[in-house]
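Here the structure comes first, spelled out in structure tokens, and everything after it is commentary.
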Amino acid sequence: MRAAAMVVLVPLLALAGCGGSSGGESLSDKDRYLARAEAICAAANTELAKVKKTQPTSTELLPAFVKAIVDVGRTNVTQLEALTPPAADKADLTAKVITPLKEQVVIGDAYTAKVAKAVKDKDPALLGLISSPPTQTKADLAFMRSYGFTACVEAADTANA
């Protein structure tokens with residue numbers, strides 16, 4: 001079973017961000033934002049890797065596994081959205097990163113519900129759900145890379161999940 005391929009998003013989970021400076025230099029708003037966002041996404045990537053190690057050993061465990069993956073993404077997006085982006089970049093970050101990632105969470109929730117229902121109903125359509133999870137990345141990965149994201153690109157790129 002391709003349970004790991006069921007990742008709908010990964011953008012998922014994390015704790016606090018980074019900050020500070022070295023050598024007395026002051027970081028720009030963009031640098032501070034990126035440092036915090038990257039810390040959030042790095043933690044999400046770590047959390048997602050932990051979840052993937054717990055792949056379900058039975059069909060009954062599948063809905064909880066899918067939900068755990070989506071929950072990592074939800075936490076990640078919530079934490080990213082809570083950051084204050086540089087004013088000059090806010091519109092692009094919202095349109096190309098935050099809003100698409102929130103859409104991925106909605107898709108993930110819908111997928112989780114379908115998997116749970118198929119398992120509950122012992123529906124043979126479950127095999128199709130497992131083999132064709134929604135893995136289309138919504139975020140603009142090219143924009144994210146050009147902005148300076150790395151861990152967040154990894155978190156947002158569901159194509160290889």
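Quick notes
- If you go through region 52-92 and pick out every residue that is assigned to a helix (DSSP H, G or I) and surrounded by fewer than 21 Cβ atoms within 10 Å (Cβ to Cβ), you end up with 20.
- Region 111-136 - residue that is of a type in the set (Val, Ile, Thr) and in a helix (DSSP H, G or I) and, of those, least open to solvent (accessible area, probe 1.4 Å): VAL115
- Qualifying positions in region 93-110 - more than 23 Å from GLU60 (Cα to Cα) and open to solvent by less than 80 Å² (accessible area, probe 1.4 Å): LEU93, THR94, ALA95, LYS96, VAL97, ILE98, THR99, PRO100, LEU101, GLN104
- Among the residues of region 137-161, those identified as open to solvent by 40 Å² or more (accessible area, probe 1.4 Å), out of contact with any Cys (no Cβ under 9 Å at 6 or more places or on another chain) and either without any contact (Cβ under 8 Å) to a residue 24 or more places away in the chain or of a type in the set (Val, Ile, Thr) (or both) are ALA142, ARG145, SER146, ASN160.
- Taking first residues from region 19-45 that are open to solvent by 30 Å² or more (accessible area, probe 1.4 Å) and partners that are modelled with pLDDT under 65 and among the aliphatic types (A, V, I, L, M), the Cβ contacts under 8 Å between residues at least 6 apart in sequence or on separate chains come to ARG36/ALA16; ALA42/ALA14; ALA43/LEU13; ALA43/ALA14; ALA43/LEU15.
- Matching option when the condition is free of Cβ contacts under 8 Å to residues at least 40 places away in the same chain, closer than 16 Å to GLU154 by Cα and among the hydrophobic types (A, V, I, L, M, F, W, C), among ILE69, ILE98: ILE98
The values are calculated or read from the model by the stated rules, or taken from the named source; none is laboratory data. Keep in mind that what you see is a predicted model, and the values were worked out from it rather than measured. For neighbour counting, all protein chains shown are included, and Cβ atoms are generated from backbone atoms with ideal geometry for every residue, glycine included. These area figures cover heavy atoms from the full protein model, side chains too; ligands, DNA and RNA do not enter into them. Shrake-Rupley method; radii C 1.70, N 1.55, O 1.52, S 1.80 Å.
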